[in-house]
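Let me begin by presenting the structure, written as structure tokens, before commenting on it.
Read the figures in this text as sums done on the coordinates, not as results from a lab. This is a predicted model, so every value here is computed, not measured. A quick note on method: Cβ atoms are made from the backbone with ideal geometry, for glycine too, and the neighbour counts reach across all protein chains shown.
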Amino acid sequence: MARLEGIKRDERAADEVGRLLCEGLTLFQIARQWRVPKHLFADWFLAEHGDVLERAQRAIASEHMHEVVAIADGSEDAKLRVDTRFKAASKFDRKRYGEEQDAVRTAPVVIQIANLRGNVSEVAVVQPAAALPKEPI
């Protein structure tokens, strides 16, 4: 516990953990390397420096994306090279390049039309559709 308290007080610890994360180590591996309790180390780091972990994960994902593109570039298959770039772009910019997701209704919808006195004049049951239309109704 004393080792962990010393790490918590060290102003450079978060930067060093971020560097090690970018090299591919996990929080548990770093805790083991620094000989501190894994769960307490991870709890502290996530609570105090979760943004460092998030930035490191984005950097690792970016590196992997570039590796995937490089592997595809080694292929003679033009479709593979293009598809790899679209797949990578869709992961990094879902809004512009990602696939659209349709809303799916799973339960029947009961439509009742009533007059001002509360008398129901028409009832319809609409069964679930595979997906709602993309255009407004």
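Indicate the gyration tensor shape class of the stretch 2-97 (rounded, prolate or oblate), computed on the Cα atoms with a ≥ b ≥ c the square roots of the eigenvalues: a/c under 1.5 is rounded; otherwise a/b larger than b/c is prolate and the rest oblate.
Cα axes put the stretch 2-97 in the prolate bin.
Explain nothing, just compute: Karplus ³J(HN,Hα) = 6.51 cos²θ - 1.76 cosθ + 1.60, θ = phi - 60°, for every residue of the stretch 16-31 in order, whole Hz, x for Gly and Pro.
5, 4, x, 4, 5, 4, 5, 7, x, 6, 9, 4, 5, 5, 5, 4
Do you know the Lys pair count in the stretch 2-97 for C-alpha distances under 26 Å, with sequence separation 8 or more or different chains?
Final tally of qualifying lysine pairs is 5.
For TRP34, TRP44, which order do you get if you count the other beta carbons within 10 Å of each Cβ and list the fewest first?
TRP34, TRP44
Please work out the Cα center distance from the stretch 1-44 to the stretch 47-96, rounded to the nearest Å.
Answer, in whole Å: 27.
For the residues ILE30, ILE113, what sequence is obtained by ranking on other C-beta atoms within 10 Å, fewest first?
ILE113, ILE30
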